[in-house]
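Structure, as structure tokens:
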Amino acid sequence: MWKESYRTEIDLIDRQHRELFNRASRFVRSVIEEKDLEENSDYIQETLYFLEEYCFEHFRAEEDYQKKIGYKDYGKHKKEHDGFQEDIAYYRKKVEVNGLEIEDLKIIAAKIVIWLKFHVGYEDMKISEHAKKGGYIK
């Protein structure tokens, strides 16, 4: 799922993005392989916990970087992060309470992938452009 076109040229952020895309990709594969759903139950739940925790860590790092470079759309960007974190927490709790419902998992997987691709591919590129213009990235 990761593409080189998602590179921001900000090393820490790019490493974290790759990890998010790798985990999301494995999550999607686990959901697609419905026949192994019960076998993948622990992994699916673990991945939702991971995404919840790792997004928190990644978003803080990215937001700190935005502040450091004086990124003008910091507030808007932070709201997007906050919304995604809330969604992940909701999905994790839903799976925890309802168990592994394949239709729910497919919706969750699709939403995660769509959000990551749009956010990294469009919104985070704006940070990269700002950083380049300000001389933070050579």
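The values are calculated or read from the model by the stated rules, or taken from the named source; none is laboratory data. Since this is a predicted model, take the numbers as computed values, not measurements. Neighbour counts are summed over all protein chains in view; Cβ atoms, including those assigned to glycine, are modelled from backbone coordinates with ideal geometry. Calculation scope for accessible area: heavy atoms of the full protein, side chains included, ligands and nucleic acids excluded. Shrake-Rupley method; radii C 1.70, N 1.55, O 1.52, S 1.80 Å.
Taking I127 as the residue in question, decide whether it is closer than 18 Å to I13 by Cβ, of a type in the set (V, I, T) and under 21 Å from the mean Cα position of the chain (by Cα). It is true that I127 is closer than 18 Å to I13 by Cβ, of a type in the set (V, I, T) and under 21 Å from the mean Cα position of the chain (by Cα). Of all the criteria given as (1) modelled with pLDDT of 90 or more; (2) within 23 Å of I107 (Cα to Cα), the one not satisfied by D64 is (2). Across segment 26-52, the number of residues qualifying as crowded, with 16+ Cβ neighbours inside 10 Å, out of contact with any Ser or Thr (no Cβ under 6 Å at 6 or more places or on another chain) and polar (S, T, N, Q) comes to 2. Can you tell me which residues in segment 49-62 are under 15 Å from N22 (Cβ atoms) and either among the aliphatic types (A, V, I, L, M) or in contact with a Leu (Cβ under 6 Å, 6 or more places away or on another chain) (or both)? Selection gives L51 alone.
Candidates are the residues of segment 60-116 that are surrounded by fewer than 15 Cβ atoms within 10 Å (Cβ to Cβ) and among the β-branched types (V, I, T); the one that is farthest from the chain's Cα centre (by Cα) is V97. Applying the criterion of being basic (K, R) and outside any loop (DSSP other than H, G, I, E, B) to the residues of segment 1-19, the residue that is most open to solvent (accessible area, probe 1.4 Å) is R15.
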